[in-house]
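Since every read-out is calculated from the coordinates, none of them should be taken as a lab result. In this text, all values refer to a predicted model and were calculated from it rather than measured experimentally. Cβ placement follows ideal geometry from the backbone for every residue including glycine, while neighbour counts extend to all protein chains displayed.
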Amino acid sequence: MKKYDLVLITENQKTINKAKSLAQIICKELNTNKQCNITKYDKFDNSYKIEIKDLVLNTSNTIEQLIKLTSNICSPWLVTYDNEQDKIELIFNKTEFSTYQKDLFNVIKWARVY
């Protein structure tokens, strides 16, 4: 098993309760019951940072598993592979071409998995 860290930055979230509700739904989509760390993100107005840490169960194809997992939330994801450290990073940036699996996920402005 390999650990992954997912960081999501939201927009248009005026209360922490909205961010908590979003985090619960995202955890359900990711099939995880891990605790989320939610903090105010001061770089943008009405923004929160949601951090989720969990394990990838099937390590034979971690990249594919993480892409499938994160596509349950939004897409597209940019994939970067560090051969020296044998690590991947997925980055999501909201654009006019972004798609979301649920309408309520459209408050996600940026995300990173590593």
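Of note:
- Scanning residues 5 or more positions from Y4 or on other chains, those with amide H under 5 Å from its amide H are D54, L55, V56, with H placed 1.01 Å from N in the peptide plane.
- Against the chain, whose longest principal axis comes from its Cα atoms, helix 16-29 is set at around 30 degrees.
- Listed pairs K2/K49; K3/K68; K18/K68 exceeding 19 Å between Cα atoms: K2/K49; K18/K68
- In the set [x] 18; [y] 63; [z] 32, the label that goes with percent of Cα pairs over 25 Å apart computed for this structure is [x].
- Note on K40: aspartates and glutamates with a C-alpha under 16 Å away, same-chain residues under 8 apart excluded, are E11, E51.
- In this Cβ point-charge picture (+1 for Lys and Arg, -1 for Asp and Glu), the chain has a dipole of about 480 debye about its Cα centre.
- Ordering L104, L8, Y81 by the projection of their Cα atoms onto the charge dipole of the chain, which places +1 on the Cβ of Lys and Arg and -1 on the Cβ of Asp and Glu, puts L104 at the extreme positive end.
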